[in-house]
């Protein structure tokens, strides 16, 4: 009896795998993986090594392991836990010897201003040339034509909530107001520990620009945040444990993280607030001090191949920025809020810019943040 | 002729007798210098590389300017130090000092009886008992804090235990409160108070207690007139070891306080990262180091040199 069960399951599994394989090959024919020129491959293999500086505990490990296996190049990884930590490193050593790094849009803007990025050789990244869409490129003001960075995904902010504890019929769900204003979940709310994000999204909620440097508007934000603080359990940029152990019921996050949480806990829902938020990208860039530039180009092209990019997007739950990946992800993923963004919503979002990042905008944000945390 | 020969002989003999002496002396001196270098060299090297060099970098950065994107501009300015007088920073510094004092005081209250009983009644268990105090420090500090998080959490050990006993119905929020920050600081730095106190108590001659007892001193009087004055060195050494790190602590308010409590260390980290102002952060760090140096000076001045020697 038991044996028959095992055999049936095995057959079902095999059938499923074959079905999968055929669909994958069908898609693969539609979206080919463009290889790098021979010249790049040879030089990369001569270099033999690749130093990556990226986020700790984020991208699926197989992406790195498969690259090593496929090309016989050893990857040495070094991690950071925030954009700020990352930028501080390059401020202190502009020639830090990394081949590929993964800042977010904000990190990249700062790095470009510091002059530590080198221009990409697009001929060595044919996948990026083929698969990056035109429409987003207009929004990415800081890098026209992706000359310095190849965005591997896009990100948007929102919140995750646990329907076991949070009343899912509340009409305010769908707005930033649900998170920022008075609600019955005091002490069960976490906010991201990110100054630009918490301030920026509050500005969006109040109907202002994400990048505002207007004193009156920012003072309104300050009052909103100071009132909110008594309800906040913690400012935490990676509240995974709190969410999954159901200590936090309402959690400010990258909206992709809510998909990620949902995979592990069924009662988690995600929300992409209607007022709009920051539109950001996570570009792969090559710093000036890179000792293995060919291997770096090879890696970027590998990550932008349809198959690897789909694997990446499904692993992290973020919005695909790749023409093929958008088609290749399963329907259940497309249905999750924030994974496929329409043009109308994109118009409500803003890319962070120098008004928030420098001068008065930065000074006032710092002051608000220091006061909030005091 | 003879005299010159004699004098020459005498001279040569003097030279002969003198030269082995001086070379021996030189040899001794060289060996002494070699010994000093081998004993102190490695630690000097480490100190210069990991303490003095970073500190001088911080001092250097603290008088430089910040560019628009947070890049460091190599122009001298005292602007950062002027900004220190901002009342907001003073609040953060005083709060940190308050937390550090509180930690220190609670550590003393907990450590004295502990060290006293181990030193007096530990017997053959002394070594094992001390080991029990030290063992937690073998694990990384951050891992211990995460462990503490699971114990204090609303789904954690303490809350579940109290709920099972029926003492409470709903979990109490320990984590992310100022109490969690205080508890975390005490937990982390307690061994650094116990060990010097133990050393001081261990070195105390127990016949002094007997003498005091024979002369009719009550236990309280015995403690304040005999034990406390004689272990003052250990107490001050422990204070230095606990007060300094807890004043600059950043991880405890970050992990156990949910980043809602700003201590001096947090402020420095914020300046370095989110605010992107490395010179400003360096200036705060330099100010913090200055406060601590002042503290060490006063402890040496009023606590006596023996206290520091005991700490080392």
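The values are calculated or read from the model by the stated rules, or taken from the named source; none is laboratory data. All of these numbers come straight from a predicted model, not from anything done at the bench. Here the Cβ is made from the backbone with ideal geometry for all residues, glycine too, and neighbour counts use every protein chain on show.
Among the residues of the stretch A:326-348, is any without any contact (Cβ under 8 Å) to a residue 12 or more places away in the chain and closer than 18 Å to residue A:194 by Cβ? No, there is no match, as no residue in the stretch A:326-348 is without any contact (Cβ under 8 Å) to a residue 12 or more places away in the chain and closer than 18 Å to residue A:194 by Cβ.
In this structure, residue A:263 qualifies as assigned to a helix (DSSP H, G or I) and either in the same structural domain as residue A:97 (by TED's automatic domain parsing) or over 14 Å from the mean Cα position of the chain (by Cα) (or both).
Screening the candidates B:188, B:103, B:91 for the property of being within 12 Å of chain A (Cβ to nearest Cβ) and under 30 Å from residue A:232 (Cβ atoms) yields one hit, B:91. Going by what's in this entry, would residue B:298 be described as more than 14 Å from chain A (Cβ to nearest Cβ), assigned to a helix (DSSP H, G or I) and crowded, with 21+ Cβ neighbours inside 10 Å? No.
From the list B:203, B:153, B:166, the one residue that fits, being surrounded by fewer than 17 Cβ atoms within 10 Å (Cβ to Cβ) and over 25 Å from residue B:115 (Cβ atoms), is B:166.
For the stretch A:174-185, a residue qualifies if it is at pLDDT below 95 and under 21 Å from residue A:261 (Cα atoms), and the qualifying residues are A:174, A:185.
Of the residues making up the stretch B:169-200, those that are within 17 Å of the chain's Cα centre (by Cα) and either closer than 18 Å to residue B:139 by Cβ or surrounded by fewer than 17 Cβ atoms within 10 Å (Cβ to Cβ) (or both) number 11.
Candidates in the stretch A:227-258 are the residues that are assigned to a helix (DSSP H, G or I) and within 12 Å of chain B (Cβ to nearest Cβ); of these, the one that is surrounded by the most Cβ atoms within 10 Å (Cβ to Cβ) is A:242. Tell me whether the stretch B:270-278 contains one or more residues that are surrounded by fewer than 22 Cβ atoms within 10 Å (Cβ to Cβ) and out of contact with any strand residue (DSSP E or B) (no Cβ under 9 Å at 6 or more places or on another chain). So far as the stretch B:270-278 goes, yes, one or more of its residues are surrounded by fewer than 22 Cβ atoms within 10 Å (Cβ to Cβ) and out of contact with any strand residue (DSSP E or B) (no Cβ under 9 Å at 6 or more places or on another chain). Only one entry of A:213, A:223 meets the criterion of being away from chain B (no Cβ under 14 Å) and over 24 Å from the mean Cα position of the chain (by Cα), and that entry is A:223. The residues listed here are B:171, B:191, B:196; of these, the one that is in contact with a helix residue (DSSP H, G or I) (Cβ under 6 Å, 6 or more places away or on another chain), in the same structural domain as residue B:122 (by TED's automatic domain parsing) and modelled with pLDDT under 85 is B:171. Looking only at residues of the stretch A:89-112 that are surrounded by fewer than 19 Cβ atoms within 10 Å (Cβ to Cβ) and under 23 Å from the mean Cα position of the chain (by Cα), we find that the one that is farthest from the other protein chains (Cβ to nearest Cβ) is A:89. For the stretch A:60-88, the set of residues classified as under 21 Å from residue A:315 (Cβ atoms), free of Cβ contacts under 8 Å to residues at least 12 places away in the same chain and either under 22 Å from the mean Cα position of the chain (by Cα) or within 14 Å of another protein chain (Cβ to nearest Cβ) (or both) consists of A:61, A:65, listed by residue number.
Within the stretch B:236-256, one or more residues are in contact with a helix residue (DSSP H, G or I) (Cβ under 8 Å, 6 or more places away or on another chain), within 14 Å of chain A (Cβ to nearest Cβ), outside any helix (DSSP H, G or I) and at pLDDT 90 or above.
Would the stretch A:62-72 turn up any residue that is surrounded by 16 or more Cβ atoms within 10 Å (Cβ to Cβ), at pLDDT 95 or above, out of contact with any helix residue (DSSP H, G or I) (no Cβ under 7 Å at 6 or more places or on another chain) and under 30 Å from residue A:240 (Cα atoms)? Yes, the stretch A:62-72 has at least one match. Just one of the numbered conditions (1) modelled with pLDDT under 90; (2) closer than 26 Å to residue B:81 by Cβ; (3) assigned to a helix (DSSP H, G or I) is not true of residue B:262: (3).
Looking across the stretch B:154-167, the residues that are within 20 Å of residue A:233 (Cβ to Cβ) and out of contact with any helix residue (DSSP H, G or I) (no Cβ under 7 Å at 6 or more places or on another chain) come down to B:154, B:155, B:159, B:160, B:162, B:163. Only a single criterion out of (1) closer than 17 Å to residue A:179 by Cα; (2) out of contact with any helix residue (DSSP H, G or I) (no Cβ under 7 Å at 6 or more places or on another chain) is not satisfied by residue A:195, namely (2). If the condition is being surrounded by fewer than 17 Cβ atoms within 10 Å (Cβ to Cβ), in contact (Cβ under 8 Å) with a residue 60 or more places away in the chain and either at the interface with chain A (Cβ under 9 Å from one of its Cβ atoms) or closer than 22 Å to residue A:359 by Cβ (or both), then the stretch B:58-76 contributes only B:65.
If you go through the stretch B:133-170 and pick out every residue that is within 12 Å of another protein chain (Cβ to nearest Cβ) and part of a loop (DSSP other than H, G, I, E, B), you end up with 5. Could you tell me whether any residue of the stretch A:293-314 is more than 14 Å from chain B (Cβ to nearest Cβ), surrounded by fewer than 21 Cβ atoms within 10 Å (Cβ to Cβ), at pLDDT below 90 and farther than 17 Å from residue A:105 by Cα? Checked against the condition, which is being more than 14 Å from chain B (Cβ to nearest Cβ), surrounded by fewer than 21 Cβ atoms within 10 Å (Cβ to Cβ), at pLDDT below 90 and farther than 17 Å from residue A:105 by Cα, the stretch A:293-314 yields no hits at all. Among the residues of the stretch A:81-97, how many are over 16 Å from residue A:236 (Cα atoms) and part of a helix (DSSP H, G or I)? So the answer is 7. Just one of the listed residues (A:180, A:208, A:161) is touching a residue at least 40 places away in the same chain (Cβ under 8 Å) and over 17 Å from residue A:268 (Cβ atoms), namely A:180. One residue stands out among those in the stretch B:257-269 that are touching a helix residue (DSSP H, G or I) at 6+ places or on another chain (Cβ under 7 Å) and over 13 Å from residue B:179 (Cβ atoms): the one that is surrounded by the most Cβ atoms within 10 Å (Cβ to Cβ), which is B:263. Within the option set B:126, B:95, being assigned to a helix (DSSP H, G or I), surrounded by 13 or more Cβ atoms within 10 Å (Cβ to Cβ) and modelled with pLDDT under 90 holds for one residue only, B:95. For the stretch A:347-374, a residue qualifies if it is more than 13 Å from every other protein chain (Cβ to nearest Cβ) and either at pLDDT below 90 or surrounded by fewer than 16 Cβ atoms within 10 Å (Cβ to Cβ) (or both), and the qualifying residues are A:347, A:348. Residue-level analysis places residue B:293 among those that are over 18 Å from residue B:105 (Cβ atoms), assigned to a helix (DSSP H, G or I), more than 9 Å from every other protein chain (Cβ to nearest Cβ) and under 13 Å from the mean Cα position of the chain (by Cα).
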